[in-house]
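The values are calculated or read from the model by the stated rules, or taken from the named source; none is laboratory data. Because the structure is a prediction, the values reported are computed rather than measured. Quick reminder, even Gly has a Cβ in these numbers, built from the backbone with ideal geometry, and neighbours come from all protein chains shown.
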Amino acid sequence: MFSGLQIGAMVLSVVLVIGAPVVLLLLWRKRTGAPWRGAVVGAAMFFLFALVLEQIPHLLLLRPDGFIMSHTWAYVLYGILAAGIFEETGRLAGFRFLLKGRDGRETGVMYGIGHGGLESLLLGGVAAVMNLVPALQYNAGTLTGDALAATPAALAAPASYFLVVGVERLVAICLHIALSVLVFQAVKRPGKRWLYPAAILLHAGMDVFAALYQRGVITLWTSEACMAVFAALVCLWALRLYRADVPAAEAA
């Protein structure tokens, strides 16, 4: 049987990955009056660039017996650059073409909530629910098939293992908001174009830890800790840029 602590961690993860984006969206809208369109565009650009366009080179290049999959350094380098280039270019296109005239700094944050929020719902939400539902079925004695065969390993996992899904998505949402602030200024503020390539490099830097974990180079907990620290540093920088942007926001 899965313990109450394990089930509780799974439920909390589901609440975090689904509830956090909604709460952030409503609070930011209430506090700043930022247009809903920013979040809608952010979600749409994430879907188009990360879930559609980025998958095309993946299908062509990530072959099981190919060079990239056979070499850890190539896998890590390709993975971090692909994610950074596609997602940050999506932000660039969103701010430049779909949010034309939306020059208030709060729009950048709203975009980040939409981008990170949809990612949380589609990626984290699926993972969290796929942990919870089989666990509840197992405890009820209704679990069958391949999921039943995989259950012993899950039973031995600590509750923190199931909670990490929700925490990871919170960290990712914070990073997406920060990167959106950077790319927003790259598009909307004179002399700040360099923030676009900076956002690509920072996005790539964040993904290094996940890629190294996927290849078995570092542990899950090392990866999560490094990503949390990295995201916190990027957020602090973005916050400074956001606060310094007050005159431009007021002029808009």
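Of a type in the set (Val, Ile, Thr) and surrounded by 21 or more Cβ atoms within 10 Å (Cβ to Cβ): which single residue out of VAL183, VAL167, VAL229, VAL246 fits that description?
Of the residues listed, the single one that is of a type in the set (Val, Ile, Thr) and surrounded by 21 or more Cβ atoms within 10 Å (Cβ to Cβ) is VAL183.
Every residue, every condition in (1) modelled with pLDDT under 95; (2) within 19 Å of LEU182 (Cα to Cα); (3) among the acidic types (Asp, Glu), yes or no:
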| position | (1), (2), (3) |
| --- | --- |
| LEU26 | no, no, no |
| PRO35 | yes, yes, no |
| PHE49 | no, yes, no |
| ARG91 | no, yes, no |
| GLY116 | no, yes, no |
| SER120 | no, no, no |
| VAL129 | yes, no, no |
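This table checks each residue for (1) part of a helix (DSSP H, G or I); (2) in contact (Cβ under 8 Å) with a residue 40 or more places away in the chain; (3) in contact with a His (Cβ under 9 Å, 6 or more places away or on another chain).
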| position | (1), (2), (3) |
| --- | --- |
| HIS115 | yes, yes, yes |
| LEU123 | yes, yes, no |
| PRO134 | yes, no, no |
| PRO152 | yes, no, no |
| VAL164 | yes, yes, no |
| VAL167 | yes, yes, no |
| LEU170 | yes, yes, no |
| LEU182 | yes, yes, no |
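Does segment 104-113 contain any residue that is at pLDDT 95 or above and within 30 Å of LEU136 (Cα to Cα)?
No, segment 104-113 has no match at all.
All but one of (1) exposed (fewer than 15 other Cβ atoms within 10 Å of the Cβ); (2) assigned to a loop (DSSP other than H, G, I, E, B) hold for ARG96; state the number of the condition that does not hold.
In the conditions (1) exposed (fewer than 15 other Cβ atoms within 10 Å of the Cβ); (2) assigned to a loop (DSSP other than H, G, I, E, B), ARG96 misses (2) alone.
Identify all residues within segment 206-226 that are of a type outside the set (Lys, Arg), under 13 Å from GLY79 (Cβ atoms) and surrounded by fewer than 18 Cβ atoms within 10 Å (Cβ to Cβ); write none if there are none.
Across segment 206-226, the qualifying residues are GLN214, VAL217.
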